[in-house]
Every structure is written in C-alpha cells, then in structure tokens.
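As structure tokens, the structure follows; a few thoughts come after it.
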Amino acid sequence: MSSTNERIICVPGQVLCASSNDHVAGQGTFERMGYIYASLAGVVKVEKKLEINIVQVQSLKEQSTVPSPGDIVTARVLIVKSRQCMCEIKCIGDITLTRPFRAVLRQEDVRATEKDRVKMYESFAPGDIILARVLPIMDVHTYQLSTAENELGVVISNSEAGVPMVPISWTEMQCPVNFTKKLRKVAKVIPENIDMDMEDNTETEKKPNIS
Amino acid sequence: MPVDHRRIQGPECSEDYRKPKTLDAALLKKGSRRADGRKCGEQRKIFLKPGVVSQAKGSAYIELDHTKVICSVFDPREKASRNLEQQTVRGEIFCEFKFASFSGVQRRSHQQEADDKEYSLLLKNALEPAVCLHEFPNFQVDVQVLVLQDDGSSLAAAITCAGLALADAAVPMYDLPVGLSKAFSGDTEFFDPTGAEERMCLRGVDGESDHGVFTIGFLPTFNQVSQLFHSGHISSDRFGKMISEVGTLAAEVHKAVQAILLSAVKSSIDSSDNSKLLL
C-alpha cells in the first residue's frame with residue numbers, strides 16, 4: 001500500500017482504468033466494454049495480489065452488507081418447531097447489522113451426521129445465540145442456515161435462572177446456579193489465545209455422542 | 001381520509017377549454033428572455049447538498065431556484081412483497097414520491113394522490129437502470145422523495161437528487177442519473193421550466209400542435225436514457241431532435257453532481273480520523 005497522501009477520489013460512473021490481464025475489477029467497481037468503472041463514491045485502492053492489480057473503491061460509508069452464501073453469521077433463535085427453527089440474523093462475520101434478517105434452520109442442517117434423528121428442541125431453545133453458515137439461496141423469502149460443523153451451533157444460551165449456561169459437552173450445557181443440564185447443539189468455539197498444545201487435546205475429544 | 005366513491009370529484013374551479021391564441025406575454029419579455037431573465041436553453045442555478053438527513057443512510061437536497069426537493073435513501077431491507085414469481089436474483093428499488101401539502105399554491109393531501117403515485121413509478125424507472133441491483137439480491141432499497149416547494153421540473157430535480165442520495169448511501173451504481181425537463185409550445189422551448197411555464201405549455205396554444213412537458217432521466221456516462229415522460233403532443237422528427245440534444249443538456253447538471261460528490265468525499269476524508277483510508 002502506498003503511503004503517499006495522493007488519493008484518487010471517484011464517483012459512480014467514473015472511468016478508472018482499462019481492464020486487462022493485470023488490472024481486474026474488484027469491490028466497488030464494475031467492468032464494461034474493456035474499462036473499469038467505479039460504482040461507489042470513495043477512494044480508489046489498488047491491491048496487488050500475485051502480479052494482478054485488483055482495483056477497488058472504498059467508500060466512507062459502509063456498504064450495506066447482505067448475507068451471502070457461505071458467510072458465517074450470528075443469529076438469535078426465535079421459534080423452535082419440530083422440523084425447523086426460525087432465527088433472526090444479527091451479525092454477518094464482524095459486522096453488526098442495523099436491520100435483522102429472518103432465516104430458517106432446518107432439521108437436516110443441524111448436524112452433519114444422522115440428520116433425520118435430530119430433535120430440534122434438544123438442539124436449540126428460543127433466545128439462544130447461534131453461529132451458523134448461510135446456505136445457497138433456494139427459497140424466495142428467507143435465508144437458510146446450517147450448523148452442520150463442529151464450530152457452529154449454540155454459543156450463548158441462558159438458563160431459566162437468567163444466567164448464561166456453561167457448555168459441558170457437544171450436546172449439553174449446564175446452568176452454574178442450579179446445576180440443571182440442558183441439551184443443545186454446542187459450538188466448538190476456539191479461544192483466540194489458546195495454546196497450540198491445548199488445541200491438540202480438544203481435537204482428540206470425542207465427537208458428540210448421538211445416543 | 002374517507003374518499004367518496006359514489007360521486008365524481010370534479011375540480012373546484014373551471015378552466016376555459018379554448019386554448020389561448022398565443023403564449024402568455026408574461027413568460028417572454030424582451031423577446032427572447034424568460035420571465036426570470038434566463039435564456040430559453042438555460043438551466044436554473046442548482047444547489048445540491050448530500051448528507052442532510054441524519055436518520056437515513058444517504059440523503060440529498062436540491063434547489064432549482066424555487067423548486068426544492070429532499071431525498072432520503074435507507075438501508076436495504078427484505079422485500080416486502082411475498083410474490084413467488086418475482087425474481088430473486090435482483091434487488092429492487094422502492095420509490096415513494098410525495099408533494100408536500102404546502103408545496104404548491106393549492107394545499108395537497110397528506111397522503112399520496114394519483115400524481116404522487118405516478119411520479120413514484122417514473123422515478124423508479126429512471127433510477128433502476130443506474131443501480132447495480134445484483135449486489136443485493138432479494139432486498140429492496142427505499143428511496144423517499146419529498147418535494148418541499150414545486151416550481152416546475154420537480155420530477156427532474158427528484159431524479160438528480162435521488163441519484164446523489166443513492167451515491168451518498170453507498171449503494172453501488174453504474175452511473176449518476178440526471179434528470180432534465182423541457183417544456184415547449186410550438187417553436188418556443190423552455191429548458192428547465194418553472195411552474196408557470198409548465199402549466200402554459202401543458203395547455204398549448206391554439207393553432208400549434210406541438211406542446212407539452214418532457215421529463216427525461218439520463219445516464220451521462222453511457223449516454224443512455226433511462227426514463228422518458230412526455231405530456232402533450234409532439235411530432236416524431238421533433239422527438240428525435242429532442243433526444244439527440246439530451247446528452248449536451250445533461251452535461252452541465254452531471255458536472256455539478258459529480259463536483260458536489262467529490263467535494264463531499266474529500267471533506268469527510270479530511271475530517272474523519274479513519275486511519276484505514278490513509279494507508
């Protein structure tokens with residue numbers, strides 16, 4: 001990244017450069033008739049990656065993010081039904097959304113193994129905060145989520161006492177106040193400052209007991 | 001507001017059905033100058049300001065002498081309609097155009113009337129080709145336009161204003177749309193007409209068939225007309241001539257919008273402490 005104070009400011013529809021094998025249209029730009037145009041009002045940034053210059057435009061206002069397939073999102077469970085549960089997407093990755101989006105998490109997307117033997121009320125409860133991945137859009141109205149990975153599932157869940165529960169296994173969480181155990185599909189959230197040795201230990205832990 | 005459907009709501013005062021013999025003398029003084037001193041092909045001075053509504057993601061305010069329009073653009077939200085046949089790959093723009101009750105000489109209803117709804121659709125048609133709709137599939141962006149004072153060319157001003165507001169809201173666009181309007185009666189043409197000129201040209205003059213008001217939504221970079229709305233009567237070769245002139249007429253407005261947007265970006269870079277941009 002150049003550290004000069006020269007900044008190229010552009011507006012939508014402004015020609016940035018000619019597109020070629022070296023110069024590729026990135027975020028905030030579009031290519032048309034052999035030229036790269038800006039699609040946002042902001043500062044032009046050229047990122048060099050493996051000999052290819054990616055021309056991007058960074059706008060001052062954050063572009064409204066929309067959940068796209070493959071994103072990991074943070075959602076709150078609203079309603080749990082026997083075959084699916086309705087959720088509300090609160091964040092996409094690190095970005096907190098101003099407007100929540102509705103999503104559906106179906107029974108067959110909760111786990112990777114034994115998909116049809118999943119009981120929704122033993123995996124989630126209303127009010128839980130979950131980490132899920134957005135599936136490719138098939139339905140017109142709502143997004144579809146999946147927690148079929150070790151790192152996805154329930155992150156925060158409050159017990160009846162109103163206290164966040166502590167996970168004790170991949171399928172159970174326990175309340176620290178009254179010690180009652182509740183069944184959830186727990187996410188394997190690896191802390192950022194964990195030791196590499198410790199991480200090996202968690203890898204060898206058994207996968208969720210399905211009985 | 002309870003509306004009476006059983007009776008025909010006629011206008012409050014009646015107008016002479018006969019067309020005047022000549023154009024109103026008050027509109028043209030000293031031969032070629034218009035009532036406000038402009039030449040026939042001259043645009044009014046534009047005042048544009050982006051980022052005026054704090055609650056909206058993007059906004060803009062435009063003033064064309066006495067025509068004042070304010071536009072707000074909001075974050076994309078899930079599409080309101082649940083129509084299964086609708087395309088899911090594209091996003092949508094939802095436009096709401098409204099003349100404020102105090103915008104004209106006669107007080108208007110606080111709810112959308114027939115012409116508000118028509119202008120909403122025209123505005124949507126003008127803005128849609130300019131926006132990269134594939135970037136927000138299954139979502140709609142709300143654009144709300146309020147005309148604070150109407151002195152002619154309000155739709156054209158709204159198109160320009162909405163284009164700037166969309167750019168201010170960081171909605172990806174192919175181009176900055178620009179709105180133009182022209183009123184003509186016979187051989188006399190008024191570019192960027194005032195309210196009185198518009199009303200005169202909509203009525204027309206006895207003996208001259210060509211008359212009316214043209215409103216065009218234009219994308220200058222690609223030289224494309226996104227929306228064309230004409231009320232009146234025009235011959236086909238005159239129509240062709242009008243279209244070919246649009247490019248040159250739009251250049252001035254486009255330059256103004258670009259300059260305003262560039263200076264707005266520059267001032268927010270200078271004022272913000274955002275170190276990410278300085279890298």
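The values are calculated or read from the model by the stated rules, or taken from the named source; none is laboratory data. If you're wondering where the values come from, they're calculated on a predicted model, not measured in any experiment. Cβ placement follows ideal geometry from the backbone for every residue including glycine, while neighbour counts extend to all protein chains displayed. Each accessible area value is taken on the protein alone, full model and side chains, heavy atoms only, with ligands, DNA and RNA left out. Shrake-Rupley method; radii C 1.70, N 1.55, O 1.52, S 1.80 Å.
Using the crude model of +1 on Lys and Arg Cβ and -1 on Asp and Glu Cβ, and no other charge, please compute the dipole size for the stretch B:34-270 relative to its Cα centre, in debye to 20.
It works out to roughly 400 debye.
Could you work out which residue, out of B:G91, B:G207, B:G217, moves most in a Gaussian network model of chain B, that is, has the largest mean-square fluctuation with Cα springs under 10 Å?
B:G207
Let me know the charge dipole size of the protein assembly as shown about its Cα centre in debye, to the nearest 20, where only the beta-carbon of Lys, Arg (+1) and Asp, Glu (-1) is charged.
Roughly 800 debye, rounded to the nearest 20.
If you take each beta carbon of peptide B:262-271 and count the beta carbons of other chains within 10 angstrom, what is the mean?
3
What total accessible area, in Å², is buried where chains B and A meet, using a 1.4 Å probe and rounding to the nearest 100?
On the way: alone 15820 and 14000 Å², together 26400 Å².
The buried area between B and A, both sides summed, comes to about 3400 Å².
If you count the DSSP beta bridges with both ends in the protein assembly as shown, what percent of them are antiparallel, to the nearest 5? Mind showing how you got there, number by number?
Values: 92 of 107 bridges.
Just about 85 percent of them are antiparallel.
Enumerate the helices in chain B for which the Kyte-Doolittle hydropathy averages -1.0 or more and the C-alpha atoms extend at least 18 Å along the helix's axis, using complete DSSP H runs. Intermediate results must be reported in sequence, preceding the final value.
Numbers: long enough: B:114-127 (20 Å, -0.36); B:154-168 (20 Å, 1.59); B:236-271 (52 Å, 0.34).
Those that pass (Cα extent of 18 Å or more, hydropathy at least -1.0) are B:114-127, B:154-168, B:236-271.
How many times 2.2 N^0.38 Å is the alpha carbon radius of gyration of the stretch A:36-156?
Taking the Cα Rg and dividing by 2.2 N^0.38 Å, one obtains 1.30.
What would the Debye equation give as log₁₀ I(q)/I(0) for the stretch A:1-85 at q = 0.11, 0.14 Å⁻¹, counting only Cα atoms as equal point scatterers?
Result of the Debye calculation: -0.44, -0.59.
Suppose R0 equals 45 Å; then what is the FRET efficiency for A:K182 and A:E62 from their Cβ-Cβ distance, rounded to the nearest 0.05?
Approximately 0.75, to the nearest 0.05.
What's the ranking of B:124-134, A:44-54, B:248-258, A:14-24 by average number of surrounding C-beta atoms within 10 Å, highest first?
B:124-134, B:248-258, A:14-24, A:44-54
Looking at chain B as a GNM with Cα springs under 10 Å, which of B:D175, B:D151, B:D16 has the largest mean-square fluctuation?
Sorting by GNM fluctuation, first place goes to B:D16.
In nm², what is the average projected area of the convex hull enclosing the Cα atoms of chain A?
16.7
Out of every Cα pair in the protein assembly as shown, what percent are spaced more than 28 Å from each other?
Here the tail beyond 28 Å accounts for 63 percent of pairs.
Can you give the average number of partner chain beta-carbon atoms within 10 Å of each beta-carbon in peptide B:52-58, as a whole number? The partial results should precede the final answer.
On the way: counts 0, 0, 0, 0, 0, 4, 2.
Partner-chain Cβ atoms within 10 Å, mean over residues of B:52-58: 1.
Using a 10 angstrom cutoff on alpha carbons, build the Gaussian network for chain A and name the most mobile of A:R111, A:R184, A:R99.
A:R99
List the pair-distance distribution P(r) of the stretch B:190-279, using every Cα-Cα distance, as the percent of pairs falling in each 10 Å bin from 0 up to the bin containing the longest distance, rounded to whole percents.
Reading the bins upward from 0: 13, 33, 24, 15, 9, 5, 1.
Once you keep just the Cα pairs under 8 angstrom separated by 6 or more residues, what percentage relative contact order results for chain B?
Here the relative contact order equals 18 percent.
Divide, for chain B, the radius of gyration over alpha carbons by 2.2 N^0.38 Å, where N is the residue count.
1.08
Starting at the first residue of the stretch A:99-107, write each ³J(HN,Hα) from the Karplus equation 6.51 cos²θ - 1.76 cosθ + 1.60 with θ = phi - 60°, in whole Hz, x for Gly and Pro.
Working through the residues one at a time gives 10, x, 10, 7, 8, 10, 10, 8, 4 Hz.
How many percent of the accessible area of the protein assembly as shown is carbon or sulfur, using a 1.4 Å probe?
Here it works out to 51 percent.
What does the accessible area of B:D65 come to, in Å² to the nearest 10, when a probe of 1.4 Å is used?
80
Starting from the eigenvalues of the Cα gyration tensor, five times each then square-rooted, give me the equivalent ellipsoid semi-axes of the stretch B:123-177, largest first, whole Å.
Semi-axis lengths for the stretch B:123-177 are 22, 11, 10 Å.
Can you sort B:V89, B:V225, A:V80, B:V73 by 1.4 Å-probe accessible area, starting with the largest?
Sorted by accessible area, descending: B:V89, B:V225, A:V80, B:V73.
Tell me which aspartates and glutamates have Cα within less than 13 Å of B:K68's Cα, excluding those fewer than 8 residues away on the same chain?
List returned: B:D150, B:D151.
Residues of A:7-19, mean number of Cβ from any other protein chain within 10 Å of their own Cβ, rounded to a whole number?
Partner Cβ neighbours, averaged per residue: 5.
Going by Cβ distance under 4.7 Å, what cysteines of the protein assembly as shown have no possible disulfide partner?
Here A:C10, A:C17, A:C85, A:C87, A:C91, A:C175, B:C13, B:C40, B:C95, B:C132, B:C201 come out as lacking a disulfide-compatible partner, given the Cβ-Cβ threshold of under 4.7 Å.
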